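Visitor: Below you'll find the structure I mean.
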Amino acid sequence: MALSGCASTGAAPVQQVMLPASLDLAPRPIQTVQVRPPLDPSGQVRPELMSRAMAALDIHHRRIPSRDRMYLVDFTRFSGETRLYEVNLESGGVQAFRTSHGRGSDPAHSGFAQRFSNVVDSHMSSVGSFVTAGPNWGPQQGPNVLLDGLEYSNSAARERAIIVHGADYAEPEFLEREGKLGRSYGCFSLSHADLRAVRDRMGEGRLLFALA
């Protein structure tokens with residue numbers, strides 16, 4: 001009697017399966033997806049400012065080749081507060097600094113920038129996207145960082161000599177004495193120590209985005 005199932009003693013014929021010669025059976029490396037840390041985990045930067053700056057990176061990608069850091073300025077904040085942010089696009093970290101606005105933007109010297117211009121001799125601050133054009137030195141302001149405006153709101157930045165520079169009226173001692181920073185002619189003025197900290201890091205080809 002022939003048995004079937006698990007108890008079957010009958011030997012079934014062995015079928016040989018031929019694999020295609022081109023089939024690659026070598027083990028493949030495991031692919032990992034690099035996830036960058038979130039930007040500004042401590043929430044220092046106003047969300048609208050961050051999102052507008054990230055959009056500007058894409059819009060002006062041909063003019064902004066350096067994507068390791070960007071610089072944001074929040075002109076809605078009081079001049080005595082930190083409002084220039086260095087955003088590390090690789091680690092997500094943020095450092096904050098104080099910066100002055102133009103005297104034409106705040107005629108009453110209230111500490112708040114209220115109007116903005118791209119006009120020569122307006123002494124107002126400008127908003128929008130700038131690209132850093134490298135460290136420089138000038139006879140009046142000394143060490144600085146050059147800027148080129150990328151939008152209609154700041155296209156005259158080079159003609160107006162709008163730069164990032166150090167100034168006595170942006171020093172902590174001035175703030176302590178006056179209760180607010182002094183005003184520039186439209187430049188982004190920092191304390192001398194803060195300029196030394198960021199000047200080389202700003203370098204060339206990075207975004208500086210100012211919003212009010």
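Visitor: Determine one quarter of the surface area of the Cα convex hull of segment 171-212, which equals its mean projected area, and express it in nm² to one decimal.
Guide: That works out to 3.9 nm², a quarter of the Cα hull's surface.
Visitor: Given points 7 Å out from each Cα along the Cα-Cβ axis, report the Ala55 to Arg196 separation in nanometres with one decimal.
Guide: Roughly 4.0 nm, to one decimal.
Visitor: Once both labels are modelled 7 Å past Cα along the beta-carbon direction, what's the Ser110-Arg177 spacing in nm?
Guide: Between Ser110 and Arg177, the simple spin-label model gives 2.6 nm.
Visitor: What order do you get for Val94, Val119 when you list them from fewest to most C-beta neighbours inside 10 Å?
Guide: Exposure proxy ranking, most exposed first: Val119, Val94.
Since every read-out is calculated from the coordinates, none of them should be taken as a lab result. What you are looking at is a predicted structure, and each value in this text was computed from that prediction instead of being measured. Cβ: placed from backbone, ideal geometry, glycine included. Neighbour counts: every protein chain shown.
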